[in-house]
Ligand SMILES: [Zn+2]
């Protein structure tokens with residue numbers, strides 16, 4: 001036991017300090033980046049994983065806008081808007 005407080009361990013991530021270090025492939029400096037969810041939360045990510053997060057966010061926004069289009073038909077193609 002190191003005796004560290006739990007709240008401290010959250011900021012003391014393993015590996016490079018990148019939030020996604022466990023996925024492997026960390027590259028570049030790890031810096032706090034503003035969360036893409038719009039909450040303003042700073043999340044430590046390396047350059048590589050930050051780029052990946054941006055790409056993922058853009059893909060999600062393109063495919064799943066926050067509101068269903070007015071002409072969205074849940075029966076179309078058997079898809080459901082509520083599916084997560
Ligand atoms: Zn990383």
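Where a number appears in this text, it was derived from the coordinates with a stated rule and is not lab data. If you're wondering where the values come from, they're calculated on a predicted model, not measured in any experiment.
For residue 34 and residue 63, the difference between the fully extended length at 0.36 nm per residue and the C-alpha to C-alpha distance is 8.2 nm.
At full extension, residue 70 and residue 41 could sit 7.3 nm farther apart than now, given 0.36 nm per residue minus the alpha carbon distance.
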